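The structure appears right after this line, and notes come after that.
Where a number appears in this text, it was derived from the coordinates with a stated rule and is not lab data. Note that the structure is a prediction, hence the values are computed from the model and not measured. Every residue, glycine as well, gets a Cβ built from its backbone with ideal geometry; the counts of neighbours run over all protein chains shown.
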Amino acid sequence: MYRELPENERNDLAAVILYSSATEALGMMIRAMVASKEVLSNKVLIQRLIAQLETATLPAQQAILSQTLALVVGQTPDDPGI
């Protein structure tokens with residue numbers, strides 16, 4: 001699942017979510033978008049991931065977000081088999 005940082009390690013955001021894997025991060029983002037009835041597209045996912053990467057302060061969080069971005073960018077609707 002995910003865990004929140006202890007209060008003394010939080011930055012100015014309300015809560016920082018640390019994902020344990022790229023697939024978990026992607027799944028959580030997709031579920032949140034579907035739940036809020038937002039448009040779900042690779043473009044929107046890429047934009048959100050880049051925004052999260054720009055604000056991520058922990059190296060582990062940055063690495064997972066980078067891996068997640070690579071997953072999304074690597075699979076586009078015009079790829080064979082998609």
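Across the stretch 50-56, computed HN-Hα scalar couplings (Karplus, 6.51 cos²θ - 1.76 cosθ + 1.60, θ = phi - 60°) run 5, 4, 5, 5, 5, 9, 5 Hz from first to last residue, x flagging Gly and Pro.
With a Förster radius of 25 Å, plug the Cβ-Cβ distance of ALA60 and SER36 into 1/(1 + (r/R0)^6) and report the FRET value to the nearest 0.05.
0.40
Charge tally around LEU40: other residues with Cβ under 12 Å, Lys/Arg +1 each, Asp/Glu -1 each, net +3.
Counting 0.36 nm for each residue step from ALA51 to LEU71 and taking away their Cα separation leaves a gain of 5.6 nm.
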